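Contents: one structure, followed by commentary.
What follows is calculated from the coordinates using simple rules that are stated; it is not laboratory data. Since we're looking at a predicted model, the values are computed, not measured. When we count neighbours, we look across all protein chains shown, and the Cβ atoms used for this are built from the backbone with ideal geometry, even at glycine.
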Amino acid sequence: DWIMGDYIEEAVARIREQVGNEEVILGLSGGVDSSVAAALIHRAIGDQLTCVFVDHGLLRLNEGDMVMDMFEGKLHAKVVRVDASDLFLGELVGVSEPEQKRKIIGRLFVDVFKAEASKLKAANAGSQGASFLAQGTIYPDVIESGGAKSKKAVTIKSHHNVGGLPEQLGLKLLEPLRDLFKDEVRELGVALGLPREMVYRHPFPGPGLGVRILGEVKKEYADLLRRADAIFIEELRNWIDEATGKSWYDLTSQAFTVFLPVKSVGVMGDGRTYDYVVALRAVQTSDFMTADWAELPYGLLKKTSGRIINEVRGINRVTYDVSSKPPATIEWE
Ligand code: XMP
């Protein structure tokens, strides 16, 4: 609409003024905030923006290709895709404690991004030199880092953020979404031409499937989980609730599949199977601090479990998580 159109024009003008003819580097994750920031900055300065997309090997099915199709293919933005999956999976061998996994993934992420940003900075040095690091920080992040969070006595889960990175890289900070709430960021994304499915996607944790594979992370597990999860999400998107006309994907705040590295016995055809288990998790929440498990239609659960067990060889049992937060958390790790 025209209000958002005006907002975009003003934001574009502000970015152009701030950046001048210098270069900008942005870490693209595929999440809503970094995607909208990238689209907005690209609208303002085009090829002066370079996006760095680090694939840690713990993304969802086809996620990397989808990010590249959108930003490189459709928006024609400069995107450097870094396939670091071997590095991440290598460093995670033998590690099963959730916080330790988070720390390793967070540290590697910063290392890989820093190396890439330094390369770009050096490559641009001949011209004006890269001198901005763009981040998709939104207003709630600004408030949160203002101390409200640090008052908590215990950290349940450490969320890695990239604080301090601009200083370390010798780059100035560009945060064009700093004044916006999440729903405004989404509206902006749509107005900038990003697909609704991308802009209204459920949140996905930074450590990705690393905290959805319980215990030690293995590529074999990640591959099975990716396929099972894609089926669950597809069914949630296809299943329309008659009363509201909305899909169950839109009726839930977050939904995903968890890989349990235990085997159970099943029967398929005339044979016995001894395969892995997955759990489906779907919650409804307004703030993610508390959450109720979603009362998904039995038909949806039935179709999903049937498809997973038939289509993903290696998984022979599907369970549904009926735990609310608290005392459970949304993610299993
Ligand atoms: P929990 O599991 O603590 O999750 O109930 C609350 C919300 O936070 C997300 N989450 C994370 N996000 N890095 C992130 O960026 C993390 O390490 C992380 N752990 C949990 C979770 O997906 C949910 O939306």
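For segment 2-199, the extents of the C-alpha atoms along the principal axes are 52, 40, 34 Å, listed from largest to smallest. The alpha carbon radius of gyration of segment 212-320, expressed as a multiple of 2.2 N^0.38 Å, is 1.12. What does a probe at ARG237 reach in segment 290-325, counting residues whose amide N is under 11 Å from the point 7 Å along Cα→Cβ? None, by backbone N distance to the label point. Farthest toward the positive end of the dipole of the chain, out of CYS51, TYR320, ILE25, is the Cα of TYR320, where the dipole comes from beta carbon charges about the Cα centre. Here the chain is assigned +1 on the Cβ of each Lys and Arg and -1 on the Cβ of each Asp and Glu. Its dipole about the Cα centre then comes out at about 820 debye.
Only helical runs count toward this figure. For the chain, summing -39,500 (n - 2.57) over DSSP H runs of n ≥ 4 and dividing by all residues gives -12000 deg cm²/dmol at 222 nm. Each of MET66, GLN168, MET198 was placed along the dipole of segment 2-199 (beta-carbon charges, centred on the mean Cα), and the one lying farthest toward the positive end is GLN168. Length gained on full extension, HIS76 to SER145, computed as 0.36 nm times the residue gap minus the Cα-Cα distance: 21.5 nm. With the convex hull of the Cα atoms taken as the outline of the chain, the averaged projected area works out to 18.4 nm². Proximity of backbone amide H atoms, modeled 1.01 Å from N, is registered between GLY27 and VAL52, ALA134 at under 5 Å, excluding neighbours fewer than 5 places apart on the same chain. Loop-located GluC sites (Glu not before Pro) in segment 227-326 (DSSP state other than H, G, I, E, B) with a sparse environment of at most 15 neighbouring Cβ atoms within 10 Å: GLU242, GLU295. If you plug the beta carbon distance of VAL267 and THR244 into 1/(1 + (r/R0)^6) with R0 = 41 Å, you get a FRET efficiency near 0.60.
Relative contact order of segment 212-320, taken over Cα pairs closer than 8 Å and 6 or more residues apart, is 27 percent. For segment 226-333, the set of trypsin sites (Lys or Arg not before Pro) satisfying both a DSSP loop assignment and a count of at most 13 other C-beta atoms within 10 Å is given as LYS246, ARG313. Across the chain, Cα pairs under 8 Å and at least six residues apart give a relative contact order of 16 percent.
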